[in-house]
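Peer 1: Sharing a structure below in structure tokens format, with a few things to ask.
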Amino acid sequence: MIFSKAGFGGAVADFEAAVVAQDAKRSGKAFIRLQETFGRAKETELFAGGPRLAAVLEQVPPSPRAVVAVLVGACVERGADAERCAPGVLAGLRAALEGAVAFGEAWAATGGGAFPVPDDGEPGEEIVGRTGFEAAVGWWTLSQWEMAAVALLNHRAVRTGLGGEAVRVGLDAEAVRAGLDEKAAGGGRGELLRLLTAVEQASGQELRCLSYALQVLDDEPLVVLHRPSATGYLLRLSGIGDNFQLHTLLADALIGGGHVAGRAPSPQEVAVCRETPGQVETAGSFELVAPDGGRLWNEGTPADIPVVDGVRLLVLDEPSYTRSWPAGRFFPGMRGDLILERALEPEETERWFARVSPAGELTG
């Protein structure tokens with residue numbers, strides 16, 4: 001038997017049994033033990049404990065449920081099976097987002113004002129009186145659900161299982177995030193993004209980590225046109241959290257690969273953008289430009305790159321000014337990759353250039 005009565009494994013077993021039996025007193029004691037013993041947990045306890053806790057999340061009372069989800073995410077970060085843990089955590093995330101949306105609606109209907117800042121306890125009576133308990137808990141625990149979900153979304157298999165329609169089918173990004181094409185966006189990633197956008201708009205607060213994690217692209221084709229050399233390239237990207245990371249990997253593939261002139265990043269700069277821990281100072285090699293001439297900021301994500309004829313299309317210009325930043329990964333637990341598949345033939349390149357605005361002053 002994997003679990004013993006002592007330690008994290010025993011706490012998981014006790015908590016699981018108490019939750020299934022709806023024994024509030026026993027589950028409360030086991031809940032405290034889960035938190036107290038996690039730091040000393042053995043690998044085998046973490047591997048087995050994460051999925052077992054995720055499986056009973058739906059039956060856990062609303063207030064402690066998010067804390068248990070964070071423990072599940074922590075188990076995944078230390079080796080538990082992310083795919084087995086994902087259904088329970090992502091269902092809880094969606095419920096929390098729905099609650100937070102209801103909180104915003106109720107808050108506005110009862111006088112509005114600045115959203116309250118959640119503390120470590122439960123929402124107070126006045127807040128619950130205005131919005132209802134479940135809605136208040138949704139808003140109160142959302143940052144914990146963000147933490148738990150991002151731990152799972154670091155894994156490509158979880159992202160793939162959630163569906164990528166909302167960021168892959170070529171719909172207008174703002175339309176997808178606003179939920180204007182539910183059928184195309186699907187009930188997975190698209191629905192979570194729609195709910196998240198509603199919460200951010202109502203609260204005025206950004207849940208950037210969750211937003212970026214839900215927009216990560218995998219096995220995504222990318223056509224890149226390098227305007228100074230009038231050349232084009234087909235690449236494929238996966239697991240890239242932001243355009244800072246993309247920028248460095250593009251410079252490695254194109255400049256480091258000897259295809260275009262410019263400053264190539266060092267091997268260390270490239271390594272930290274793939275899977276090596278840490279950060280290394282780097283400098284920009286390009287201006288990232290949309291086909292319509294708009295600027296694509298390094299602070300954005302690859303999902304911001306517009307889709308043209310079913311493929312994301314990016315233009316690279318000479319940098320308008322020198323910019324440096326710490327190269328690395330927005331999500332330190334997520335492996336990033338950018339593969340140069342081939343240089344485009346001159347005729348292909350010319351056809352793609354016909355789809356972009358001429359060089360000029362950047363917009364946006």
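Peer 1: Please count how many residues of segment 248-263 are assigned to a helix (DSSP H, G or I) and either of a type in the set (Val, Ile, Thr) or surrounded by fewer than 18 Cβ atoms within 10 Å (Cβ to Cβ) (or both).
Peer 2: Within segment 248-263, the subset assigned to a helix (DSSP H, G or I) is 248-256.
Now narrow it down to the ones that are either of a type in the set (Val, Ile, Thr) or surrounded by fewer than 18 Cβ atoms within 10 Å (Cβ to Cβ) (or both): 248, 255.
Qualifying residue count for the region: 2.
Peer 1: Another question, then. Checking the condition more than 19 Å from Val137 (Cβ to Cβ), modelled with pLDDT of 95 or more and part of a helix (DSSP H, G or I), which residue from Ala66, Ala86 passes?
Peer 2: Result: Ala86 is the single residue among Ala66, Ala86 that is more than 19 Å from Val137 (Cβ to Cβ), modelled with pLDDT of 95 or more and part of a helix (DSSP H, G or I).
Residues checked against (1) open to solvent by less than 20 Å² (accessible area, probe 1.4 Å); (2) at pLDDT 95 or above; (3) within 24 Å of Val76 (Cβ to Cβ):
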{"position": "Gly124", "(1), (2), (3)": "no, no, no"}
{"position": "Val137", "(1), (2), (3)": "yes, yes, yes"}
{"position": "Ser143", "(1), (2), (3)": "no, yes, yes"}
{"position": "Val176", "(1), (2), (3)": "yes, no, no"}
{"position": "Lys183", "(1), (2), (3)": "no, no, no"}
{"position": "Gly187", "(1), (2), (3)": "no, no, yes"}
{"position": "Leu195", "(1), (2), (3)": "yes, yes, yes"}
{"position": "Leu217", "(1), (2), (3)": "yes, yes, yes"}
{"position": "Val223", "(1), (2), (3)": "yes, yes, no"}
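Peer 1: Name the pairs whose Cβ atoms lie under 8 Å apart, with the first residue in segment 288-305 and at positive phi, the second in a loop (DSSP other than H, G, I, E, B) and polar (S, T, N, Q), and 6 or more positions between them or separate chains?
Peer 2: Final answer for the pair search is Gly293/Ser357.
Peer 1: Given the condition within 27 Å of Arg159 (Cα to Cα), at pLDDT 95 or above, out of contact with any Ser or Thr (no Cβ under 9 Å at 6 or more places or on another chain) and not in a loop (DSSP other than H, G, I, E, B), answer yes or no: does some residue in segment 17-37 qualify?
Peer 2: No - not one qualifying residue is present in segment 17-37.
Peer 1: Same structure again: Evaluate segment 331-339: report whether one residue or more is in a strand (DSSP E or B), farther than 29 Å from Val76 by Cβ, modelled with pLDDT of 95 or more and touching a helix residue (DSSP H, G or I) at 6+ places or on another chain (Cβ under 8 Å).
Peer 2: The answer is no, given that none of the residues of segment 331-339 is in a strand (DSSP E or B), farther than 29 Å from Val76 by Cβ, modelled with pLDDT of 95 or more and touching a helix residue (DSSP H, G or I) at 6+ places or on another chain (Cβ under 8 Å).
Peer 1: Looking at Ser211, Ser266 in this structure, which one is free of Cβ contacts under 8 Å to residues at least 40 places away in the same chain, surrounded by fewer than 22 Cβ atoms within 10 Å (Cβ to Cβ), touching a helix residue (DSSP H, G or I) at 6+ places or on another chain (Cβ under 8 Å) and of a type in the set (S, T, N, Q)?
Peer 2: Exactly one of Ser211, Ser266 is free of Cβ contacts under 8 Å to residues at least 40 places away in the same chain, surrounded by fewer than 22 Cβ atoms within 10 Å (Cβ to Cβ), touching a helix residue (DSSP H, G or I) at 6+ places or on another chain (Cβ under 8 Å) and of a type in the set (S, T, N, Q), namely Ser211.
Condition check ((1) of a type in the set (Ser, Thr, Tyr); (2) within 24 Å of the chain's Cα centre (by Cα)) across all residues:
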site: Val19; (1), (2): no, no
site: Ser27; (1), (2): yes, no
site: Ala30; (1), (2): no, no
site: Glu36; (1), (2): no, no
site: Gly39; (1), (2): no, no
site: Gly50; (1), (2): no, yes
site: Ala66; (1), (2): no, yes
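Peer 1: May I pose another question? Test Val315 against the criterion of being buried (at least 21 other Cβ atoms within 10 Å of the Cβ) and assigned to a strand (DSSP E or B), and give yes or no. Even if it seems obvious, please write down each step before you answer.
Peer 2: Numbers: buried (at least 21 other Cβ atoms within 10 Å of the Cβ): yes; assigned to a strand (DSSP E or B): yes.
Yes: the conditions hold for Val315.
Peer 1: Any chance you could count how many residues in segment 275-295 are open to solvent by less than 20 Å² (accessible area, probe 1.4 Å) and aliphatic (A, V, I, L, M)?
Peer 2: 3
Peer 1: All but one of (1) more than 19 Å from Ile339 (Cα to Cα); (2) more than 15 Å from the chain's Cα centre (by Cα); (3) in a helix (DSSP H, G or I) hold for Val270; state the number of the condition that does not hold.
Peer 2: Here Val270 clears every test but (1).
Peer 1: Determine if segment 234-247 includes at least one residue that is part of a strand (DSSP E or B), open to solvent by less than 10 Å² (accessible area, probe 1.4 Å) and modelled with pLDDT of 95 or more.
Peer 2: In the first step, residues of segment 234-247 are kept if they are part of a strand (DSSP E or B); the result is 234-238.
In the following step, the residues that additionally are open to solvent by less than 10 Å² (accessible area, probe 1.4 Å) were identified as 235, 237.
In the following step, the residues that additionally are modelled with pLDDT of 95 or more were identified as 235, 237.
Looking for residues that are part of a strand (DSSP E or B), open to solvent by less than 10 Å² (accessible area, probe 1.4 Å) and modelled with pLDDT of 95 or more, one finds at least one in segment 234-247, hence yes.
Peer 1: Only residues that are farther than 15 Å from Gly132 by Cβ, open to solvent by 10 Å² or more (accessible area, probe 1.4 Å) and of a type in the set (A, V, I, L, M, F, W, C): list them for segment 87-117, please.
Peer 2: Answer for segment 87-117, where residues must be farther than 15 Å from Gly132 by Cβ, open to solvent by 10 Å² or more (accessible area, probe 1.4 Å) and of a type in the set (A, V, I, L, M, F, W, C): Leu90, Ala91, Ala114, Phe115, Val117.
Peer 1: Return yes when Gly111 is within 27 Å of Met334 (Cα to Cα) and modelled with pLDDT under 95 and no when it is not.
Peer 2: In short, no.
The values are calculated or read from the model by the stated rules, or taken from the named source; none is laboratory data. Given the structure is predicted, the values throughout are model-derived calculations rather than measurements. Every residue, glycine among them, receives a Cβ derived from its backbone with ideal geometry; neighbour counts consider all protein chains shown. To get the accessible areas, we keep the full protein, side chains included, count just its heavy atoms, and leave off ligands, DNA and RNA. Shrake-Rupley method; radii C 1.70, N 1.55, O 1.52, S 1.80 Å.
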